[in-house]
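Written out below as structure tokens is the structure these notes cover.
Each reported figure results from applying straightforward, stated rules to the coordinates on display, with no laboratory input. As the structure is a computational prediction, the values presented were derived from the model and not from experiment. As a convention, Cβ positions derive from the backbone with ideal geometry for all residues, glycine included, and neighbour counts pool all protein chains shown.
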Amino acid sequence: MSKYSQVFKLSWDSNFVYRFNFVLLRVRTLISFLAIYFFWVAVFRHNNQVFDYSRASLLTYVVVARFVDTLVFNNNMTGEEIASGNLNNYLIKPVSYLKYWFTRDLGDKLLSLIFFFIELALIMLILRPPLFFPAFLSDWLLFLASIVLAAFMYFYLNFLVNAFTFWYPERGGWPLRFLVTMLLEFLTGGAFPLDILPAQIYAWFKWLPFGYLTYFPAGFYLHKFAGFEVVRIFLTMFVWLAIFYFFTKLAWKKGLKVYGAYGR
Amino acid sequence: MSLISVSNLKKYYQVYQKEPGLAGSIRSLFKRKYDTVKAVNDISFTINEGELVGFIGPNGAGKTTTLKVLSGLLYPTSGNVSVLGYTPFDRKPAFQKQFALVMGQKNQLWWDLPALDSFILNKEIYEIPEDQFQRTLKELVTMLDLNDVLKVQVRKLSLGQRMKAELVAALLHSPKVLFLDEPTIGLDVVMQKKIRDFIKGYNQKFKATIILTSHYMDDVKELCDRVIIIDHGKIFFDGKLDQIIKKYADHKILEVVFADPVVKKDFAVIAAAKIKSFEPPKVSFTVKRQYANQVAAKLLTSLNVADLNITEASIEDIIREVFTGRDLS
């Protein structure tokens with residue numbers, strides 16, 4: 001296990017080498033967060049109740065969604081490593097590439113989390129949003145458990161998307177990754193709670209994996225689900241996780257056979 | 001016993017062909033034409049423990065592909081490969097702990113961190129005990145004279161320093177088998193020599209089995225008793241380096257410096273010799289081995305010669321001729 005703790009340490013260290021880039025990346029996502037935040041502030045200017053949401057609950061939702069995103073999403077460069085042939089470095093060593101990246105993600109996420117709380121403190125001071133905490137301990141537990149599951153779902157989904165680079169190595173698989181990122185930004189519920197969509201469309205989202213990456217975990221915080229719905233959400237997440245896991249393993253197994261180990 | 005054995009190895013790639021121009025691009029959106037590239041086409045060889053073997057061949061000959069198959073990076077199209085008793089593509093940790101691959105044009109070191117950090121990571125990855133790690137590191141760093149730069153960011157190292165650091169990173173786990181792909185590429189002659197001496201020393205000291213590819217004949221001449229020449233994915237020659245001369249060099253080189261001005265017509269008397277270069281007063285000829293003395297005697301009697309030298313064709317020349325497809329036999 002110590003090999004992965006060393007990976008964690010180096011990943012952490014290199015983020016400090018890149019501290020300027022890291023801060024810029026945080027600023028970029030902070031700006032898109034602020035855009036969403038002020039949009040909702042404007043919507044609630046003259047009403048206190050929109051789509052069954054109070055001003056306080058919707059503003060809490062967008063802040064909580066940002067917290068979920070910080071822990072769920074990551075910046076996985078495996079596609080570039082496949083295209084450039086840098087994957088070779090890991091394939092010849094007694095190290096698991098999946099675990100390697102998982103560890104690097106953990107390092108990145110811990111740092112992002114620290115940044116999140118600094119940003120949150122500033123937002124609380126300057127904007128004074130009407131945030132509230134869950135009323136029950138069970139809400140906290142469901143919230144945190146669903147984030148862990150969502151993080152695993154996205155980890156494998158991301159590996160799967162990047163695995164297409166084995167077959168389409170041009171541009172390091174960037175176009176497909178970009179498309180998926182754009183889709184996710186819209187479909188996961190980071191900008192708005194998915195249940196404000198028309199009921200038929202929302203029904204679809206219950207089957208699709210996207211909402212489970214942000215909306216459903218954040219929903220636990222707001223105590224939106226109870227009883228059988230909680231079970232259904234966790235079951236759906238497990239099923240999607242199993243699907244992503246299976247196809248990731250399959251894609252890597254097949255991909256490594258067509259892998260050209262390029263790069264001169 | 002043979003440590004590495006390769007039999008009838010083939011590695012074919014599917015390469016997609018795009019016609020040039022916009023029309024070609026649009027056509028390729030709908031229908032892609034694929035070509036099969038036979039990077040390695042049915043090669044067999046065995047290598048014994050402690051051997052230092054040179055792979056030579058022009059660009060695209062299949063040298064690197066072979067090394068990648070031996071390292072388990074590429075899945076062979078067909079054939080059998082065994083290294084240290086393992087099938088490389090299974091990528092068993094027990095196998096991976098016993099070999100290393102160094103590519104002169106690739107780096108494994110973390111670009112933004114000091115080399116020492118990457119070394120410590122490798123220590124953990126290869127599960128090297130602390131005392132062994134310290135001992136090996138000290139030994140390698142001394143051999144390569146690298147002490148001063150261990151704590152400098154890798155991106156700030158010179159190419160030569162980086163190559164040395166790459167070698168250290170690859171050798172920390174004391175691999176029994178070492179694949180070196182162009183380890184001296186882009187380095188100046190002094191640094192080339194240092195790396196070369198290091199490889200030789202490493203081979204002798206640790207009885208490591210080494211396969212080396214290089215474009216620099218000096219690397220191969222100095223390091224390798226045995227060479228395998230690959231061209232177009234096939235083994236062209238496998239044996240001792242000096243046998244290449246015996247096998248392929250059926251001619252000698254006559255280097256002559258004339259005392260009087262000469263023109264090409266003057267050489268009509270020595271029909272058996274072909275002019276290799278004509279830079280009066282220096283002229284060199286290639287002559288079939290058996291006529292060399294005869295031609296030299298004739299030159300000395302019929303023309304005013306200041307200096308005359310008979311030499312063997314150089315290995316570079318022979319190999320160049322082999323690769324450009326000239327008939328030497």
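For B:200-209, what's the mean count of beta carbons from other chains sitting within 10 Å of each residue's beta carbon? Don't jump to the answer; show the numbers that get you there.
Numbers: counts 0, 0, 0, 0, 0, 0, 0, 0, 0, 0.
Mean inter-chain Cβ contacts per residue within 10 Å come to 0.
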**Prompt:** Separation of region A:132-164 and region B:76-152 by C-alpha centroid, Å?
**Reply:** 36 Å
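Could you tell me which trypsin sites (Lys or Arg not before Pro) in region B:210-252 are loop residues by DSSP with no more than 12 other beta carbons within 10 angstrom of their beta carbon?
Here no trypsin sites (Lys or Arg not before Pro) fit, given the DSSP loop and packing criteria.
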**Item:** J(HN,Hα) series, region B:78-94, from Karplus relation 6.51 cos²θ - 1.76 cosθ + 1.60, nearest Hz, glycine and proline x
**Value:** 7, x, 10, 10, 9, 10, 6, x, 10, 8, x, 5, 5, 6, 6, x, 4
**Message:** Inside 10 Å of the C-beta atoms of A:89-99, what's the mean count of C-beta atoms belonging to other chains?
**Reply:** 6
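Per residue and in Å³, how big is the convex hull formed by the alpha-carbon atoms of region B:89-150?
Details: hull volume 7.0 nm³, N = 62.
So the per-residue hull volume is 112 Å³.
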**Request:** For region B:22-107, run through the trypsin sites (Lys or Arg not before Pro) and keep only the ones in DSSP coil with at most 13 other Cβ atoms within 10 Å of their Cβ.
**Result:** B:31, B:32
**Item:** Ranking of B:166, B:124 by count of other Cβ atoms within 10 Å, fewest first
**Value:** B:124, B:166
**Request:** Can you grab the distance from the C-alpha centre of region A:79-125 to the C-alpha centre of region A:1-71, Å, no decimals?
**Result:** 17 Å
**Message:** Please list 3J(HN,Hα) in residue order for region A:70-78, calculated via the Karplus relation 6.51 cos²θ - 1.76 cosθ + 1.60 where θ = phi - 60°; whole Hz, with x for glycine and proline.
**Reply:** 4, 8, 9, 8, 8, 10, 9, 9, 4
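Does region A:99-159 come out rounded, prolate or oblate, given a ≥ b ≥ c as the square roots of the eigenvalues of its C-alpha gyration tensor, rounded meaning a/c under 1.5 and, failing that, prolate meaning a/b above b/c?
Working: a/c = 3.02, a/b = 1.44, b/c = 2.10.
Since a/c reaches 1.5 but b/c is at least a/b, the shape of region A:99-159 is classed as oblate.
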**Message:** I'd like the distance between the alpha-carbon centres of region A:179-220 and region B:254-288, rounded to an integer number of Å.
**Reply:** 85 Å
**Message:** Can you give me the long-range amide H partners of residue B:40? Hydrogens built in the peptide plane at 1.01 Å from N, cutoff under 5 Å, separation of 5 or more residues or another chain.
**Reply:** B:11
**Message:** Taking amide H atoms as placed 1.01 Å from N in the peptide plane, list the residues 5 or more away in sequence, or in a different chain, whose amide H sits under 5 Å from that of residue B:231.
**Reply:** B:236
**Fill in**
Most exposed to least, judged by fewest other Cβ atoms within 10 Å, B:154, B:263 sort to B:263, B:154
**Asked** Can you list residues whose amide H is under 5 Å from residue B:305's amide H, if they're 5+ apart or on another chain and H is modeled 1.01 Å from N?
**Response** B:259
**Asked** Once you mark the chymotrypsin sites (Phe, Trp or Tyr not before Pro) that are in a DSSP loop and have at most 10 other Cβ atoms within 10 Å, what is the longest gap between them in chain A?
**Response** A:1-135
**Gaussian network model of chain B, Cα within-10 Å springs - most flexible of B:177, B:269, B:256** = B:269
**Request:** Distance check, please: which entries in A:254/B:138; B:31/B:92; B:38/B:205; A:93/B:63; A:109/A:206; B:176/B:252 exceed 31 angstrom between their Cα atoms?
**Result:** A:254/B:138; B:31/B:92; B:38/B:205; B:176/B:252
**Request:** Please sort by residue number the chymotrypsin sites (Phe, Trp or Tyr not before Pro) in region B:108-173 whose DSSP state is loop and whose Cβ has at most 13 other Cβ atoms within 10 Å.
**Result:** B:111
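Give me A:46, B:251, B:232 sorted ascending by neighbouring Cβ count inside 10 Å, so fewest comes first.
Working: A:46 7, B:251 22, B:232 15.
By the 10 Å Cβ count, ascending: A:46, B:232, B:251.
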**Asked** Using θ = phi - 60° and the Karplus form 6.51 cos²θ - 1.76 cosθ + 1.60, what ³J(HN,Hα) does each residue of region B:132-146 get, whole Hz, x for Gly and Pro?
**Response** 5, 4, 4, 5, 4, 4, 4, 4, 5, 5, 5, 4, 9, 6, 10
